[in-house]
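A quick write-up on the structure given underneath.
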Amino acid sequence: MVKLEASWLDQVTKPARYTGNELNMVKKDLLAVETTFALAFPDVYEVGRSNLGLKILYHILNCRADIAAEWVFAPWTDMESIMRENHVPLYTIENMQPVADFDVLGFTLQYEMSYSNILNMLDLAGIPLLAKDRDETHPLVIAGGPCAFNAEPLADFIDFFVLGEAEESILEIADTVISWKKSGRQGGKSGVLAKVAAIGGVYVPSFYTVAYHEDGTIANITPNHPAAKPMVTKRIVEDLDKAPYPTKPIVPYLDVIHDRVVLELFRGCSRGCRFCQAGIIYRPVRERKPETLLKLAKEIVDNTGYDEISLTSLSSADYSCLHQLVGSLMNQFKSQGISVSLPSLRIDSFSIQLAQEVQQVRKSGLTFAPEAGTQRLRDVINKGVTEQNLEDAVSAAFESGWSTVKLYFMIGLPTETDEDVKGIADLAYKVLNLYKTIKGRRGAKVTVSVASFVPKPHTAFQWFGQNAPGELARKQQLLKSLLRDRSISYNWHDVEISYLEGVFSRGDRRLGAVLLEAWRKGAKFDSWSEHFKYDVWMEAFRQTGVDPEFYNLRERQKNEVLPWAHISSGVDRQFLWKEYQTAVAEGFTADCRHGQCSDCGVCPTLGVEVIDWEGKA
Amino acid sequence: MTKFRVEITKGEEIRYISHLDYARTIERALRRSKLPMAYSEGFNPHMKFSFASALSVGVASQAEYMEVELKEPMDAAEFSARLARTLPPAITVCRVKEVVGKQPALMAIVNLAVYHLAVPLENKDEVERDGINRAIREFNAALEVLYVKESPKGRREIDVKQYMAEDATVTVGQEKAEIMFSIRITPQGSVKPGEVLKVLVKEFQFPGKSEAAVITRLGLYVEKSKTRFSPLEMG
């Protein structure tokens, strides 16, 4: 057990990140269970504590009396120095147990810029970084989450990946590990890997060989082990309504990012925005019933004492029984001073009416995501939002008393011209002027937040060559020169971080060497601009002889074997290619949710269907 | 409307949380308890409860005080039991007393805090023990001890001694030195126990690391004409 000295904690910022003891924490006797999992979030406590995926797995694993699951986060750099100085290994915050003592160490992969932290955490734990250097005496290092859909850059470090929703597969994995341990760890590490490889959704990268063409593109990815499936398909929960949900979540002491009741209304989103990876990998849409959600909300409020319920989903306003749900939640909780919040709003007046309903208790600004500045470009990305929709939504908001509006956009989308960039400024001014027209005076505040588009695997834009950093910076400056009004605040992303994200999001196994080299040179917390070291990364590319632009800036050919060719989200590659072509032709693809199947392939591949409770509940 | 004065602890396990975190933790426990809490009026109603004094990150406490308002009458014992059920294990309810009639707020009357500091010994020899005793003796004898408070708001020089209610005492054991002193809380400000220790190290060559000290607040008091009362004994 790790013991922390007062003198160490006195020197670090927010020492409560490292001391645990939060309400609803599950602390078991680790010697009294059959297997142990350390659930790792490769970023600082306040970010990781909010992750719903790990909360669900923590709940499912700990519900079993014979399994213990504990949390571990990346220590901030001040604490890391102290730990290294005093030879304190990375530990879980429940039992303060060194991570190296666990049977399984599972990382969630939420964003590519956390990869260097994974290496750093393995190192802090005293676990060899490379999977090939580890045997059955080390924890099995596994990973899941959205980035596992192209996990190739981590293939050297991770023993196996868990694709898709792990509600079921995590217990199949745990049972496999338990029986392997009981057999006296038969076959050593490769023995257990061969067993887990048979579990649906489990991908063991060392069981596949990648061959390359002379030009560097992939020739083929072939299984080299009898247990390896030619194609690994993601797992999903067929009936979300019956799926386990953490109704007794840990209540942190520190003010973490999402410090409220998180009520997951549904999984999946079939609006079909062509840039969006979540829209593909979480398909199809599966809703929870409103009565189930009300019951979950009551239990969580009783167990946590939170004063806010956040209705979370990829597009919460699309929940088919939203009106009914919001009404019953308000009824139940308003008198207790508990508010309901919608993290994202659809751009229409229905959403404003709803926002007005829920904000009876508390009022804040409104956020919309038109994503692109012109109708033409919104058609390219299949956003399905018109200028009129935005005008109606914003007018309704101003009429109902809001005056602060935040607008999210992207630059660097396929087919984008300077006209589209100017369109962002035009929209911002239009919103300002609408306020003046409606209210007869100035006074609106508009925030324009512009991200740089990073093409993601398993999307229609997976073939697209990302804009070069210089081009993105030029567009950022162009927009800056156009947004001159003091009522508009404008913020944008670091182009260098987007550049690197672009490399890793569509990278292959050859990036493992780059990642290792960059980590050795001190790369960590890359998503934090104060820690991001672009030069270190560029030096790592040079030393390993890897050309980053092969991965991010290059337009791929239709038939190129992509690094994630053996990983399936259930959506057909042909569908994605067709979507790319439709995008360039500015064509529309309808939301499949209400009967109009777009033939993406996910339902037949996974043997499931869209679950929408409208009219049935 | 019913108002209770409550004596609670901040346990060892949550020593490192801030006062704001502590307050939020209590608020959530109150909400879980389903006690009939009173709320303020207005668009953003907030639960009516307040603390006598804030406690720093890293400091545990054997006796903190808060006032809690309910919108309905309730027996103090019932209130205490219901709150105790929902508090995290690191916080204990010690005593509860109903506040009868109009009384000044806790924050306005509490004017003294007593601290215990355990400082681990480094060399555990006579030189170190003598050094500790000497430093405390000289600190007690000094008329004025200046300390520069640095905060995001800027630098400010204060006289630490003006806040010391009495001589500091020290017991040097086998493994650690245990220091106790009382600090005045005044409308013009106060000093933190960790700052007193820093001054001892810096100005009086107290042998030891101030950052290694384990600090506990033993109590908060209302001092009136040289007599100390617990906030629960007032009124």
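No lab work stands behind these numbers, since they all come straight from the coordinates. All values reported here derive from a predicted model rather than from experimental measurement. Every residue, glycine as well, gets a Cβ built from its backbone with ideal geometry; the counts of neighbours run over all protein chains shown.
Mind giving me the FRET efficiency for B:M180 and B:K102? R0 is 51 Å, r the Cβ-Cβ distance, nearest 0.05 is fine. Walk me through the numbers before you get to the answer.
Numbers: r = 35 Å, r/R0 = 0.69.
The value I calculate is 0.90.
According to the square roots a ≥ b ≥ c of the eigenvalues of the Cα gyration tensor, what is the shape class of segment A:261-412, taking rounded for a/c under 1.5, prolate for a/b larger than b/c otherwise, and oblate for the remainder? Let's see the in-between values first.
Values: a/c = 2.36, a/b = 1.41, b/c = 1.67.
Cα axes put segment A:261-412 in the oblate bin.
Ignore the peptide's own chain and count Cβ atoms of other chains within 10 Å of each Cβ in B:17-24; give me the average, rounded. Show your work: numbers first, answer last.
Details: counts 9, 6, 0, 3, 6, 1, 0, 8.
For peptide B:17-24, the averaged partner shielding equals 4.
Assign one of three labels to segment A:369-506, namely rounded, prolate or oblate, based on the Cα gyration tensor with a ≥ b ≥ c the square roots of its eigenvalues; rounded applies when a/c is under 1.5, prolate when it is not and a/b is larger than b/c, and oblate otherwise.
Details: a/c = 2.43, a/b = 1.79, b/c = 1.35.
Judged from the Cα gyration tensor, segment A:369-506 comes out prolate (a/c at least 1.5, a/b above b/c).
Just to be sure I understand the model, the point goes 7 Å from the Cα along the line to the Cβ. What's the resulting A:Q388 to B:E166 distance in nm?
Modelled inter-label distance: 8.2 nm.
Taking +1 at the Cβ of each Lys and Arg and -1 at the Cβ of each Asp and Glu, which of B:I8, B:A77, B:P36 sits farthest along the dipole of segment B:2-108 towards its positive end, judged by Cα position relative to the Cα centre?
Positive-most Cα among the choices belongs to B:P36.
Classify chain B from the C-alpha gyration tensor, please: rounded if a/c falls under 1.5, else prolate or oblate depending on whether a/b exceeds b/c.
Values: a/c = 2.22, a/b = 1.94, b/c = 1.15.
The shape class here is prolate.
Starting from the 7 Å offset along Cα-to-Cβ, what nm value, one decimal, do you get for the label separation of A:E85 and A:D535?
Inter-label distance under the simple model: 2.5 nm.
How much of the DSSP beta bridge set in chain A is antiparallel, as a percent to the nearest 5? If you can, show how the numbers build up before the last one.
Working: 12 of 59 bridges.
If we restrict to bridges inside chain A, about 20 percent are antiparallel.
Which value, in debye to the nearest 20, gives the size of the charge dipole of chain B about its Cα centre, when Lys and Arg are +1 and Asp and Glu are -1 at the Cβ? All intermediate terms of the calculation are to be shown ahead of the outcome.
Values: 35 positive and 32 negative charges, 162 e Å.
That gives chain B a dipole magnitude of about 780 debye.
At 222 nm, what helix-only mean residue ellipticity would chain A give, in deg cm²/dmol to the nearest 500, using -39500 (n - 2.57) for each DSSP H run of four or more?
Working: 20 runs with 208 residues, N = 617.
That calculation yields -10000 deg cm²/dmol at 222 nm.
For segment B:2-108, what D do you get in µm² per second when you plug the Kirkwood radius from alpha-carbon pairs into Stokes-Einstein at 10 °C and 1.306 mPa s? List each step's numbers first, then the result.
Values: Rh = 14.1 Å.
Value of D from the Cα-based Kirkwood radius: 113 µm²/s.
Take the alpha-carbon centre of segment A:65-92, take the same for segment A:336-353, and report the distance between them in whole Å.
Cα centroid of segment A:65-92 versus Cα centroid of segment A:336-353: 38 Å apart.
Using the alpha-carbon atoms, what tilt in degrees (0 to 90, nearest 10) does helix A:534-544 show relative to the longest principal axis of chain A?
50
Looking only at segment A:6-233, where both bridge partners belong to it, what percent of the DSSP beta bridges are antiparallel (to the nearest 5)?
Working: 8 of 27 bridges.
In segment A:6-233, DSSP labels about 30 percent of beta bridges as antiparallel.
Over chain A, what is the relative contact order in percent, taking alpha-carbon pairs closer than 8 angstrom and at least six residues apart? Working shown, then result.
Values: 1146 pairs, mean separation 86.6, N = 617.
Answer for chain A is 14 percent.
Just to verify a number: FRET efficiency for A:D241 and A:D302, C-beta to C-beta distance, R0 = 22 Å, to 0.05? Let's see the in-between values first.
Working: r = 21 Å, r/R0 = 0.94.
E between A:D241 and A:D302, to the nearest 0.05, is 0.60.
Work out from phi, with θ = phi - 60° and the Karplus expression 6.51 cos²θ - 1.76 cosθ + 1.60, the ³J(HN,Hα) of each residue of segment A:138-148, listed in order in whole Hz, and give x for Gly and Pro.
9, x, 6, 9, 10, 8, x, x, x, 6, 5
For segment A:182-187, take each phi angle, set θ = phi - 60°, evaluate the Karplus expression 6.51 cos²θ - 1.76 cosθ + 1.60, and give the result in whole Hz per residue in order, putting x for glycine and proline.
Values per residue, Gly and Pro as x: 5, 7, x, 6, 4, x Hz.
Let's see if you can work this out: charge +1 on each Lys and Arg Cβ, -1 on each Asp and Glu Cβ, no other charges. What is the dipole magnitude of segment B:2-108 about its Cα centre, in debye to the nearest 20?
Values: 16 positive and 13 negative charges, 31 e Å.
Here the size comes out at about 140 debye.
Of A:K14/B:K224; A:K14/A:K406; A:K14/B:K198; A:K14/B:K161; A:K334/A:K445, which sit over 32 Å apart, Cα to Cα? Mind dumping the intermediate values first?
Working: A:K14/B:K224 37 Å; A:K14/A:K406 30 Å; A:K14/B:K198 20 Å; A:K14/B:K161 30 Å; A:K334/A:K445 29 Å.
Over 32 Å Cα-Cα: A:K14/B:K224.
Starting from the 7 Å offset along Cα-to-Cβ, what nm value, one decimal, do you get for the label separation of B:A81 and A:M1?
About 3.3 nm, to one decimal.
From other protein chains only, count the Cβ atoms within 10 Å of every residue's Cβ in A:303-310, then give the mean. The partial results should precede the final answer.
Details: counts 2, 3, 12, 3, 6, 0, 0, 0.
What the average comes to for A:303-310 is 3.
Using only Cα atoms, find the angle between the long axis of helix B:126-141 and the longest principal axis of chain B, and express it within 0 to 90 degrees, rounded to the nearest 10.
Roughly 70 degrees, rounded to the nearest 10.
Ordered by packing density, taken as the mean number of other Cβ atoms within 10 Å over each peptide's residues, highest first, how do A:245-258, A:490-503 rank? Numbers along the way, then the final one.
Numbers: A:245-258: 19.1, A:490-503: 20.6.
Result, highest mean Cβ count within 10 Å first: A:490-503, A:245-258.
Let me know the charge dipole size of chain A about its Cα centre in debye, to the nearest 20, where only the beta-carbon of Lys, Arg (+1) and Asp, Glu (-1) is charged.
Details: 67 positive and 79 negative charges, 183 e Å.
Here the size comes out at about 880 debye.
Any chance you could give the angle, 0 to 90 degrees and rounded to 10, that helix A:115-125 forms with the longest Cα principal axis of chain A?
On a 0 to 90 degree scale, this one is about 30.
Which of the cysteines in the protein assembly as shown are isolated, no other cysteine C-beta under 4.7 Å?
Taking the Cβ cut-off of 4.7 Å, the unpaired cysteines of the protein assembly as shown are A:C63, A:C147, A:C269, A:C321, A:C592, A:C597, A:C600, A:C603, B:C94.
With a cut-off of 8 Å between alpha carbons and a minimum separation of six or more residues, what is the relative contact order of segment B:2-108 in percent?
Working: 181 pairs, mean separation 50.6, N = 107.
Across segment B:2-108, relative contact order equals 47 percent.
Taking +1 at the Cβ of each Lys and Arg and -1 at the Cβ of each Asp and Glu, which of A:S114, A:I178, A:Y208 sits farthest along the dipole of segment A:6-233 towards its positive end, judged by Cα position relative to the Cα centre?
A:I178
Once you average over the residues of A:2-15, how many Cβ atoms of partner chains fall within 10 Å of each Cβ? Mind showing how you got there, number by number?
Values: counts 0, 0, 1, 4, 12, 7, 2, 5, 11, 1, 1, 1, 5, 6.
The mean count of partner-chain Cβ atoms within 10 Å per residue comes to 4.
Would you be so kind as to identify which of A:A69, A:V44, A:P223 lies farthest towards the positive end of the dipole of segment A:6-233, taking Lys and Arg as +1 and Asp and Glu as -1 on Cβ and the Cα centre as origin?
Most positive-ward Cα: A:A69.
Once you keep just the Cα pairs under 8 angstrom separated by 6 or more residues, what percentage relative contact order results for segment A:229-322?
Relative contact order of segment A:229-322: 36 percent.
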